Every structure is written in structure tokens, then in C-alpha cells.
Amino acid sequence: MVLLEFSMSPLDKGESLSPYVSRILKIIDESGIDYRLNPMGTVLEGEWDEVMKIVRDCFLELEKDCKRISVSIKIDYRRGKEKRMNRKIDKVEKTLGRKLSR
């Protein structure tokens, strides 16, 4: 399974990018894949081809009306492990002996 964190935004649309980010989040949400939005990007969890397709679909959506797009991607692959987004946080909380802000 892959955890893929990415951020994508147009560089030619000014400072307020929420309309573009919202278009991307609509694609992610409708995909049915497990994901977590954070202030700096979005984490997807799934098989390699599945998560890469979502990133591609998001890019193609912005490409429709954006001339320059910035994309950052970070990938963590671990064979045979699922539901890692929650488990990774749960394990740290257990080690600390307390809940963290989510």
C-alpha cells in the first residue's frame, strides 16, 4: 500500500487558490479512496496505480485553465500494510501516552 502526500496549485491565479483546491478535493472525494486533508496538502492511501491516477486526474483538471501548476509529491510504500494513516498516528499517541491534536 502507498501513502502519497501531495499538494498542487496553480502559479498563475493570484493569492487566493481555494477555488482550485476545491476542484481538486472534489475529484479526490468522489474517487472513494481514503484520504486526509491537511493545511499543506492531502494524503491518499491506496495502491500505486490508484493514487497516481488521482494525482493525474487532479492535474488534468487544473490544466484546463491554468498555464503553470506546481506539484509536490511524497510517497511512502510499505508492502501488505493497510490503514496506515490512522495507525501511524495511533502508534505515536500510544508511545506518548496521550492523544495528539488532529
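Inspect the range 22-44 for any residue being surrounded by 14 or more Cβ atoms within 10 Å (Cβ to Cβ), in a loop (DSSP other than H, G, I, E, B) and in contact with a strand residue (DSSP E or B) (Cβ under 7 Å, 6 or more places away or on another chain) and give the result as yes or no.
Yes, because at least one residue in the range 22-44 is surrounded by 14 or more Cβ atoms within 10 Å (Cβ to Cβ), in a loop (DSSP other than H, G, I, E, B) and in contact with a strand residue (DSSP E or B) (Cβ under 7 Å, 6 or more places away or on another chain).
Of the conditions (1) part of a loop (DSSP other than H, G, I, E, B); (2) free of Cβ contacts under 8 Å to residues at least 12 places away in the same chain; (3) closer than 17 Å to Met1 by Cβ, Asn86 fails just one. Which one is it?
(1)
Looking only at residues that are of a type in the set (Val, Ile, Thr) and over 17 Å from Ile33 (Cα atoms) in the range 49-72, which one is surrounded by the fewest Cβ atoms within 10 Å (Cβ to Cβ)?
If we take residues in the range 49-72 being of a type in the set (Val, Ile, Thr) and over 17 Å from Ile33 (Cα atoms), then Val71 is surrounded by the fewest Cβ atoms within 10 Å (Cβ to Cβ).
When both residues are 6+ apart or on different chains and their Cβ atoms are under 8 Å apart, which pairs have a first residue that lies in the range 60-77 and is polar (S, T, N, Q), and a second that is part of a strand (DSSP E or B)?
Ser70/Ser7; Ser70/Met8; Ser70/Ser9; Ser70/Pro10; Ser72/Phe6; Ser72/Ser7; Ser72/Met8; Ser72/Gly41
Do you know which residues across the range 1-21 are of a type outside the set (Asp, Glu) and either under 21 Å from Arg78 (Cα atoms) or part of a helix (DSSP H, G or I) (or both)?
Met1, Val2, Leu3, Leu4, Phe6, Ser18, Pro19, Tyr20, Val21
Which number in (1) over 27 Å from Ser101 (Cβ atoms); (2) at pLDDT 95 or above marks the one condition that Gly14 misses?
Evaluating Gly14 over (1) over 27 Å from Ser101 (Cβ atoms); (2) at pLDDT 95 or above leaves (2) as the failure.
Identify all residues within the range 59-95 that are in contact with a strand residue (DSSP E or B) (Cβ under 7 Å, 6 or more places away or on another chain) and β-branched (Val, Ile, Thr); write none if there are none.
Once the filter is applied, which keeps residues that are in contact with a strand residue (DSSP E or B) (Cβ under 7 Å, 6 or more places away or on another chain) and β-branched (Val, Ile, Thr), the range 59-95 yields Ile69, Val71, Ile73, Ile75.
The values are calculated or read from the model by the stated rules, or taken from the named source; none is laboratory data. Just so it is clear, the model here is predicted, and its values are computed rather than measured. Note: ideal-geometry Cβ built from the backbone for every residue, glycine included; neighbour counts use all protein chains shown.
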